[in-house]
Structures are given as structure tokens and as C-alpha cells.
Amino acid sequence: AEKNSNQVSLFGESSGAGTPKPKLEDIDDWRGTERLSMEFEAMGMYLGNHPLTAYEKALNRMMVIPSRDFGTRIANGNSKIKVAGVVISKRLRSSPKGRFATLTLSDQTGLFEISIFNEDILEDSRDLLENGTLVFINGDARKDDGGVRIIAEKLTRLEDAMKNYTISIKVFLENANA
């Protein structure tokens, strides 16, 4: 009776004779950064490597503080801080004092926010505020009741910031005549 009813079993016991396989387009696989961006967009997190993982050694040399360490590494009062992250979202607002932005960034250890109150920095960094951009931030951080607040003093594309941090090699010779 089930065969004549044009119904398929819930548990897949159909012969499959009347069900054509869908045709799938043959497309190229996403590149690494595009794949990561789509992962984050779909899942709200990175399933594979975080985009900053490839830069981990350089970030350590640059003395970048990971977001999970903000609370323990920032002294009471104001502290200068270096952070890096992937722009996840931005909120642009205006107030009587002028325009400002709040960015949500992601690093390998979590999400965090930075604020940009300087309109010159905001204007000069406009292209860096797009989702998926890897940024390096010099900022001023302070603890308050809500956690740690970071106010950006300078934003740079991470690749450009890394060019300014060079590794030096010192060679010592025991005998100057050698």
C-alpha cells in the first residue's frame, strides 16, 4: 500500500527510483580568509583556525595583549595597550561632541570592543572598519565596573603594523682579524 501512495518512508526505505539527485554547481573552494569569514557569519565563531593564528609569533613580538588577559594585564587607572583583532562589527554614532565609533573585534581568545572618539582617526581609518579586516590598535585602556574599556589612539592594518616591527640580528666576532 505504501508503494502506491507516493509517500517516502521517514527512515529512507524507499527504492529511490522516483527521486532524482539534485544537480550541484561545480564551484571553486573558498580561499582561507573567505572561508573563515563565512564560518563566522554562519556560526558566530571560527570553527577552524582563527585568522590571527597565522600571526601569533609576530603578535607576541609586538607585545599584543590577548583579550582574555585584559583584566589581569591592565593596571588600575589608565594603561597603554596594544591589541589586534578581526573587525566583526562597527557602530557609528553622533553626539553633541562629534562622531564616534565602537568596534567589536575578535582575537584567538574572545570578543572585545574598542571605541574611537577622535574624528581624525575615524576618518583616516575608514577603510579599516570593514568586517573581516585584521587591525592593530594602540590604545588607552582602563578598568571600570563594566570591565576594561579601550580607546583607540591609532589604528593600522595588521600587515602594515608588522612591517614596522623588525627582527634585529646581532653578530659578535671574537677576533676582529678573523
Is it the case that some residue within the stretch 137-150 is without any contact (Cβ under 8 Å) to a residue 12 or more places away in the chain, part of a strand (DSSP E or B) and out of contact with any His (no Cβ under 9 Å at 6 or more places or on another chain)?
yes
Note on Val83: of the conditions (1) in contact with a Gly (Cβ under 9 Å, 6 or more places away or on another chain); (2) without any contact (Cβ under 8 Å) to a residue 40 or more places away in the chain, unmet is (2)
Return the residue satisfying two criteria in turn: it lies in the stretch 130-166 and is open to solvent by less than 90 Å² (accessible area, probe 1.4 Å) and among the β-branched types (Val, Ile, Thr), and of such residues it is modelled with the lowest pLDDT.
Val148
Of all residues in the stretch 78-124, count the ones that are in contact with an Asp or Glu (Cβ under 7 Å, 6 or more places away or on another chain) and open to solvent by 40 Å² or more (accessible area, probe 1.4 Å).
3
Please determine, by comparing only the residues of the stretch 66-77 that are in a loop (DSSP other than H, G, I, E, B) and at pLDDT below 90, which one is least open to solvent (accessible area, probe 1.4 Å).
Ile74
Quick one: count up the residues across the stretch 95-127 that are part of a strand (DSSP E or B) and either in contact with a strand residue (DSSP E or B) (Cβ under 8 Å, 6 or more places away or on another chain) or touching a residue at least 40 places away in the same chain (Cβ under 8 Å) (or both).
16
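The values are calculated or read from the model by the stated rules, or taken from the named source; none is laboratory data. Please read all numbers here as calculations on a predicted model, not as lab measurements. Counting neighbours? That spans all protein chains shown, and the Cβs are built from the backbone with ideal geometry, glycine included. Remember, those area values only see protein heavy atoms, side chains included, never the ligands or the DNA or RNA. Shrake-Rupley method; radii C 1.70, N 1.55, O 1.52, S 1.80 Å.
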